[in-house]
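A short worksheet on the structure shown next.
Please treat every number below as a calculation from the coordinates, not as lab data. Just so it is clear, the structure is predicted and the values come from calculations on it, not from any experiment. Here the Cβ positions follow ideal geometry from the backbone for every residue, glycine too, while neighbour counts run over all protein chains shown.
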Amino acid sequence: MKSLKILVVDDEPDIRSLVVMILEGAGHTVIEAPDGQRGLDLLASDNPDVVLLDLRMPVLDGWEFMRRVREQGLGNARMVGVSAHASPDSIREAEEAGCDGYVSKPFTMKELLTAVEETGDGPAS
Amino acid sequence: VGPPVLKFIVVIDVFTYLNAAMGVGFLSLGVLAAWQWRRRGDPPSPYIALALASLGIIVILGLEEDIRGEQSEVLEFLSLVLFMASAYFLLLFRHSIIPLARVWRIVLSAGIVLSLVVLLVHPLPESDHPSYTPLDLVVLFYVIGVWSFCIGEPAITFWRVSRSRPLVQRTRLRALSGAYVALILIIFVAVFASIGGQPTAVQALTTISVLLLIPVLWTAFAPPAWLKRAWRAREEEFRLIEDLAVYADDRHEIAQRALNRAVRLAGADGGFIVSSEEIIAVEGIDTKEAQRLLDIRSARQEPQRWTEAGGQNVAIFSLRSEEGEEAMGLVSGRMAPVFGSDELRQLSQYAELVGVALARVRLIEVLRGQTESNEALLHAISDLGEGFVVTQSERLEYANEAYLRMTGYSFEELKDLPSLLELSLPEEREAHAERLRRRLSGGPVSDHYEAGLLTKDGRRIDAEVAVKLVHTPSGPRVISLIRDVTERKRAEAFRSQFIQNAAHELRTPTTALVGFADLLDSRRGELDEREMASISDALNRQGERLRVLVANLLDITRLQQGRIPLNLEAIGLEDVLNEVLESNPAPGNKSVTVERPIDMTVLADRLRLEQILTNLLVNAYRYGGRRIAVDASTNGDGVVIAVSDDGPGVPGDLVPSLFEPFSRGEDATKVGGSGLGLAIVRMMARAQGGDVWYDGRERSGAKFVFKLPRA
């Protein structure tokens, strides 16, 4: 399994550090952003393979993040949406908005890794 | 030839046939009166029959003289006896109608007997052209005088009394008076004719005029039914008015009017109407008397009519009724010729009409009762805030107060709308119209649904509607019960949003706890010291966050349900503030200034007051500027406490929902908090009879103000 460069966008510092520990522990490279705006900057500058995106954030949330990515044609990183909603409806909604994968809180290490790695293995969108 | 007294009847020989006709006329009248008395029970009494028959027999006996030229002495005396007897009978008749004083009865009876004795002792000469001695003249005038008095006095009395009587009685009494006068006329004409050898033509004329007077006697002494109807005709003109009166809707009023009409119609003295064992109308008598008559009636086996000991006639008529006993009773005086069979029949019919009228009123009363209870029901529905609407097709017919309040329209405005569907949401209108079409055509359609309504000022109301189709005499109507559920829906939406928010708030700490636990488990031994410390810090933070969140959620739930016990007491504000500041000191880079004096006393629950102050202070530490100030002032019956700072203040778009649960500024996650603090503060302030609000008038910084009642 290849090592991925993953951008984590989440406003909760503790969740961010949890995700970083899990992903780095699995051999991936992780860059972090505390909100959507910083995430967009890093997406443009660091060109990650996967973006792990909290859909609900203050300032600039996941949905707005994806809309701007589409509008501005910001690279071809794959998106994994993270949200507290686990219903089929919200998963479909996220996919329609541009998510390639989806993981709902709370998640186990395995769930998170599976979602990120499977998405990273897929063809670039 | 008999005594000249009788010559009045046996006028002249050549008119024997006329005399015979006259005799037969009197006799027939007598028989007719007797027949009416027997057959119809009309009170004109047997006296009239006897008097008339006596006169008839006299005339017929007189025919002997016409034929033979002389009369036997026995028949002659018999004629005299009958003559005086007729006077006596006519007097008795008068006595039966208007009682005669006892002394007068004795005097007149004696006078009649005396006249017979005198005539027996001193018979008058029996010539057609007698030359009367003075004694003869005295006897003659005495006899004629007695007779005339017996007839004349009643004639005057009847007339005199008639003037104060009701119409039917008046007519009757005047007819009687006329008849008595007619009898006197007959006597005098006959006497005039028999004295002094009148020419034949004059004699013939007098005989014929006597014959013509007989019908007058007939109408008076034995009035036929048609004549009595004619007497009542004037009363019956009132019928129209009375029938209109029957359209009155008050039982007592109708009964009183109906009774008055019946009394007048019968020429009675009074009467009563009883309904459901209650005497609802009396006239001429009192209720006690009416009750007595009713008791007599129930004691006897349904006699419709009887005569009281005092001579009063009583008749009781059943009213056609399905409810208990209803009856009309009439009481007649002696003077009233009432209660012959034809009158009984007519009054029975009238009584049935009255019964129908009373039944109609009872129906109206029942309907009115129902209407009143319906109206009470409608008011009750209105008081509950439920709208009630009656529509004919799409047009409004009735709307209760609650519906008008709900929609903001006046009744007139709604009634003028061509279609009530105009109040529906445009997107729902077609569905409503289709539903109405199906309902009116009897198709399957739901009786209960939810709908949006537009108020006059353009607000949208969510309503629950229950509908029924009713068939009224004027066509189908749709009645709808409308409940405004806007508030309930809002509360439901709020609750579900609250739960969603709470779940979301729970997910972050839960995710951290679950994720770190998983990490610790699967990477045991691999984690270095720095990572372990970081994990430990995160677990502590998130654990605390979870604890606060759960505590706040419990608080808010209890407050919403009013389950927080409050112990209101007088509390010194300064005291409490000092305690709160002691346990929540300002962080190193911030300072709190208390503007003194702050020595007011408030009426509050100590624990909750501390919670409110703590919350506002901690909020200021977290979000506010460096300098924080607390001051208090009295305002009316309350104390106003303000916590302000020199920070950025609350963003304008956040102010309206500031005290709603989970309403937080965008950078709130940086500083923690559950998003429930201010919601709890407001609920606690209100639970203690106070309030809390954000004062956004300050140009810079945030200012939270809360008010509590002064102790």
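Derived scalar couplings between HN and Hα for region B:701-710 equal x, 9, 9, 9, 10, 9, 10, 9, x, 6 Hz in order, rounded to whole Hz, by the Karplus curve 6.51 cos²θ - 1.76 cosθ + 1.60 (θ = phi - 60°), x for Gly and Pro. 3J(HN,Hα) along region B:574-591, derived from phi through the Karplus expression 6.51 cos²θ - 1.76 cosθ + 1.60 where θ = phi - 60°, amounts to 4, 4, 5, 4, 4, 4, 5, 5, 5, 7, 10, x, 5, x, x, 8, 10, 9 Hz, with x in place of Gly and Pro.
Mean residue ellipticity at 222 nm, helices only, chain B: -19500 deg cm²/dmol; runs of at least 4 DSSP H residues each add -39,500 (n - 2.57), and the sum is divided by the number of residues.
Starting from the Kirkwood Rh over alpha-carbon pairs, what translational D in µm² s⁻¹ does region B:616-665 have by Stokes-Einstein at 20 °C and 1.002 mPa s? Stokes-Einstein gives a translational diffusion coefficient of 173 µm²/s. Each 10 Å bin from zero holds the following percent of Cα-Cα pairs in chain A: 14, 53, 32, 1.
Kirkwood hydrodynamic radius computed over region B:375-505 comes to 15.8 Å, based on all pairs of distinct alpha carbons.
Taking other C-beta atoms within 10 angstrom as a stand-in for reagent exposure, A:Glu71, B:Glu428 fall in the order A:Glu71, B:Glu428, fewest first. Coupling constants for region A:48-60 follow from the phi torsions by the Karplus curve (6.51 cos²θ - 1.76 cosθ + 1.60, θ = phi - 60°), and in residue order they are x, 7, 9, 10, 9, 10, 6, 6, 10, 9, x, 6, 9 Hz; glycine and proline get x.
Built from the Cα atoms of region B:500-571, the convex hull projects on average onto 7.5 nm², one quarter of its surface area. The value obtained for chain B, namely the Cα convex hull volume divided by the number of residues, is 327 Å³ per residue. Look at where the Cα atoms of region A:27-90 and of region B:489-539 average out, and the two centres are 20 Å apart. Straight-line reach only, C-alpha to C-alpha below 26 angstrom: list the lysines that A:Lys5 could link to, leaving out same-chain residues fewer than 8 apart. Filter leaves A:Lys105, A:Lys110. Computed over the alpha carbons of region A:1-72, Rg followed by Dmax gives 11.7, 35 Å.
Based on the Kirkwood approach, the hydrodynamic radius assigned to region B:423-489 is 12.9 Å, with every pair of different Cα atoms included.
By the count of other C-beta atoms within 10 Å, a proxy for reagent exposure, A:Cys99, B:Cys150 are ordered fewest to most as B:Cys150, A:Cys99. Computed from the Cβ-Cβ distance with R0 of 30 Å, the FRET efficiency linking B:Val103 to B:Arg39 stands at 0.25. Length, then width, then depth: along the principal axes, the Cα atoms of the protein assembly as shown run 179, 68, 47 Å. Here's how it looks for B:Leu319: its modeled amide H is under 5 Å from those of B:Glu326, B:Ala327, B:Met328, which are all 5 or more places away or on a different chain.
Take every Cα pair under 8 Å whose residues are at least 6 apart in sequence, average their separation, divide by the length of chain B, and the relative contact order is 7 percent. Here the residues B:Asp416, B:Asp528, A:Asp14, ranked from fewest to most Cβ neighbours within 10 Å of their Cβ, fall in the order B:Asp528, B:Asp416, A:Asp14.
Electrostatic bookkeeping for B:Val445 treats Lys and Arg as +1 and Asp and Glu as -1; over the other residues with beta carbon under 14 Å from its beta carbon, the sum is +3.
Segment B:Ala687..B:Gln291, full-extension length gain: 135.6 nm, with 0.36 nm per residue of separation and the alpha-carbon distance subtracted.
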